[in-house]
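To start, the structure itself, in structure tokens.
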Amino acid sequence: MRVHVVEDDAGVSDSLSLILANLGHDVISYPDAESLFRSPPPDGSDTVIVDLTLPGIPGAQVVRWLLKMAAVPRVVVITGQSQSAIDHQLRGLAPAGVVRKPLTVEALARALPAS
Amino acid sequence: MRDFSSSPGLPECATVSEARLLSVLDTAADGIIVIDERARILIFNKACEQMFGIASVEAVGQNVKIVMPIEYAYDHDKYVGSYISTGVKKIIGIGREVRGRHADGTVFPLELSVGEAATPDGRQFIGILRDLRPRKESEQRLADLQSELVHLARVSAIDEMGAAIAHELNQPLTALMLYLQAIRRAHSRGMDINAMVGDILDKAAAEAERAGHIIQRMRQFVEKREPVRSVRDIDPMVDEAVELTLLGQRHRIRVEREFAGDLPPVAVDPVQIQQIVVNLVRNAIEAAAPTGDPAIRVRTRLRDGNVVIEVHDNGPGIAAPALPKLFEAFASSKRRGMGLGLAISRTIAQNHGGDLLVDPGGNGKGACFSLVLPVAPPPVPSEVG
Ligand SMILES: Nc1ncnc2c1ncn2[C@@H]1O[C@H](COP(=O)(O)OP(=O)(O)OP(=O)(O)O)[C@@H](O)[C@H]1O
Ligand SMILES: [Mg+2]
């Protein structure tokens, strides 16, 4: 399966790619929302992992955009913020999963579709 | 204040009953000593007995040197002599801080005012003495309190940043965990990972180090300690403080940094200076956040021979009525503000021989705070290297 990772932290992004590849996925990483929007859009069978705190366009905006697509990909939010901050930013949005940092491979695997 | 040099009352003193005069002097809270032209003690009141541990009956008739530390005592005769022969006043009519000596040898600070009176018996000098020790103690208490306050505000800033710090620590912890789990998985599946394991372990170690750095920085910032000055470049110090403040900020802020790059160094306590920058940047963010497109500019430059750090935001500026109390403690317009940030910041700036100034802005312009710090004096040769 193809997994898109939108994460600005280089260490998190690199280790995520490694573990996702390890789980057997094709990984495409983006350092910010802008570079995701510039690339070919994900399709309905893809998963997009989005960090909420991004430089520039905020993660919640990316989630909103993805959930409005004709063929909605699976959207998984990752974040280190407090629950109230998460709730506030995701008002009215229902991503397939929210995984809080620090991430573990088990929590990630649970949020991804079984493949 | 206590200038007796032209006191009209004293010449008459000689005619007043001495007993009555003494009883008046004895009720005085200040020490009072009257000496003649040869520095012999004529009057030594009750407060003096206490202050110096010498009974009046013993003191009277002796040279006033008995209440002075040895090194003054030597000069004192010369002062009196020189004044009498030249009329040049060294202390008369001027209150000043001197040191006295108790009979037990303790030397302590005194405020001394000396007046002069011409009497039928010749010239007399009257000294009014106030023990400064209680005041020194309260000054010390004030200083202690102030440092406590600085500490407190720092802790409250940290408290607010607590969640942000957790967020910041989450990043390296996430990376670390995933790197380790990647190795674990590969290993338990019997995959050949020898080619990449060294690389992954290096990355994992770097992430652990990064987490350590974050904690170190916080620790430096929170722990209470004596100010330690060192000669530093201001730019990296300011940059780090800005980073610290932005750690996991919930608001999305555009931050423009305009560092001079070639400023002369300053002699400062880096933690305290960073605390000022943190306070100013926090305020700027809080002021600009409601605009919807918050932006702040942090600039360093040389102005009139001083290093200046400016923090400018695009918020509403400061309303004129708030200006006079802006730098006072507990002046806050925020629901959760303590109103300490600016008060403490200005105190620190002034303790460094600098100042904290404000251009209030308004009418569509945000406030701009300038932290002014004097350039460090050139190093003396022994400090080089
Ligand atoms: N950049 C700014 N723009 C507009 N107003 C400001 C700015 N900086 C400070 N102020 C005003 O000055 C007041 C005092 O600031 P100060 O930093 O001393 O306290 P505080 O921010 O309210 O609380 P604390 O810093 O103790 O959490 C603020 O409440 C705010 O009204
Ligand atoms: Mg403040």
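The values are calculated or read from the model by the stated rules, or taken from the named source; none is laboratory data. Predicted model, so just to flag it, every value in this text is computed and none were measured. Methodologically, a virtual Cβ is constructed for each residue, glycine included, from the backbone with ideal geometry; neighbour enumeration extends over all protein chains shown. Only protein heavy atoms, including side chains, enter the accessible area calculation; ligands, DNA and RNA are left aside. Shrake-Rupley method; radii C 1.70, N 1.55, O 1.52, S 1.80 Å.
Residues in the stretch A:95-106 that are in a loop (DSSP other than H, G, I, E, B) and more than 11 Å from every other protein chain (Cβ to nearest Cβ): A:PRO95, A:ALA96. In this structure, A:ASP26 does not qualify as in contact with a strand residue (DSSP E or B) (Cβ under 7 Å, 6 or more places away or on another chain) and modelled with pLDDT under 95.
B:PRO321 meets each of the listed conditions (1) more than 10 Å from ligand 2 (Cβ to nearest atom); (2) without any contact (Cβ under 8 Å) to a residue 12 or more places away in the chain; (3) closer than 26 Å to B:ASP144 by Cβ apart from (3).
Table: residues versus (1) surrounded by 12 or more Cβ atoms within 10 Å (Cβ to Cβ); (2) outside any strand (DSSP E or B); (3) at pLDDT 85 or above.
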site: B:ASP77; (1), (2), (3): yes, yes, no
site: B:GLY100; (1), (2), (3): yes, no, yes
site: B:SER138; (1), (2), (3): no, yes, no
site: B:LEU142; (1), (2), (3): no, yes, no
site: B:GLU148; (1), (2), (3): no, yes, no
site: B:LEU180; (1), (2), (3): yes, yes, yes
site: B:ILE183; (1), (2), (3): yes, yes, yes
site: B:ALA186; (1), (2), (3): yes, yes, yes
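When A:PRO113, A:PRO40 are checked against the criterion of being out of contact with any helix residue (DSSP H, G or I) (no Cβ under 6 Å at 6 or more places or on another chain) and open to solvent by 50 Å² or more (accessible area, probe 1.4 Å), A:PRO40 stands alone in meeting it.
A single member of A:LEU16, A:LEU108, A:LEU54, A:LEU103 is surrounded by 21 or more Cβ atoms within 10 Å (Cβ to Cβ) and within 26 Å of B:GLU256 (Cα to Cα), and it is A:LEU54.
Quick check, is A:ALA10 closer than 14 Å to A:ALA109 by Cα and facing chain B (nearest Cβ under 9 Å)? So A:ALA10 does not fit the description; no. Residues considered: A:GLU106, A:GLU7. Of these, the only one that is within 14 Å of the chain's Cα centre (by Cα) and acidic (Asp, Glu) is A:GLU7. Criterion first (buried (at least 19 other Cβ atoms within 10 Å of the Cβ) and near ligand 1 (Cβ under 9 Å from one of its atoms)) does B:ALA287 satisfy it? Yes, satisfied. Restricting attention to the stretch B:347-365, the residues being modelled with pLDDT under 90 and within 12 Å of ligand 1 (Cβ to nearest atom) number 1. Within this structure, B:ARG299 fails the test of being modelled with pLDDT under 90 and either more than 8 Å from ligand 1 (Cβ to nearest atom) or surrounded by 20 or more Cβ atoms within 10 Å (Cβ to Cβ) (or both). The test for being modelled with pLDDT under 95, within 28 Å of B:VAL358 (Cα to Cα) and either open to solvent by less than 10 Å² (accessible area, probe 1.4 Å) or under 27 Å from the mean Cα position of the chain (by Cα) (or both) does not hold for B:ARG254. When each of A:LEU23, A:LEU90, A:LEU16 is tested for being of a type outside the set (Phe, Trp, Tyr) and within 12 Å of the chain's Cα centre (by Cα), the lone residue that passes is A:LEU16.
Rundown of residues vs (1) away from every other protein chain (no Cβ under 14 Å); (2) aliphatic (A, V, I, L, M); (3) out of contact with any Asp or Glu (no Cβ under 7 Å at 6 or more places or on another chain), yes/no style:
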residue: A:LEU66; (1), (2), (3): yes, yes, yes
residue: A:ALA71; (1), (2), (3): yes, yes, no
residue: A:GLY80; (1), (2), (3): no, no, yes
residue: A:LEU93; (1), (2), (3): yes, yes, yes
residue: A:LEU108; (1), (2), (3): no, yes, yes
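Listed by first and then second residue, the pairs linking a residue in the stretch B:276-301 that is over 25 Å from B:GLY261 (Cα atoms) to a residue that is among the charged types (D, E, K, R) and within 11 Å of ligand 1 (Cβ to nearest atom), with Cβ atoms under 6 Å apart and 6 or more places separating them unless they lie on different chains, are B:ALA287/B:ASP313; B:ALA288/B:ASP313.
Of all residue pairs spaced 6 or more apart or on separate chains, those with beta-carbon atoms under 7 Å, a first member in the stretch A:17-43 that is within 14 Å of chain B (Cβ to nearest Cβ) and a second member that is surrounded by fewer than 13 Cβ atoms within 10 Å (Cβ to Cβ) are A:GLY24/A:SER115; A:ASP32/A:PRO55. In the stretch B:303-346, the residue that is nearest to ligand 1 (Cβ to nearest atom) out of those that are farther than 15 Å from B:SER370 by Cβ, surrounded by 20 or more Cβ atoms within 10 Å (Cβ to Cβ) and at pLDDT 90 or above is B:GLY315. Yes or no: B:ASP239 in a helix (DSSP H, G or I), more than 14 Å from every other protein chain (Cβ to nearest Cβ), away from ligand 2 (no atom under 16 Å from the Cβ) and surrounded by fewer than 21 Cβ atoms within 10 Å (Cβ to Cβ)? Considered against the rule, which asks whether it is in a helix (DSSP H, G or I), more than 14 Å from every other protein chain (Cβ to nearest Cβ), away from ligand 2 (no atom under 16 Å from the Cβ) and surrounded by fewer than 21 Cβ atoms within 10 Å (Cβ to Cβ), B:ASP239 comes out as yes.
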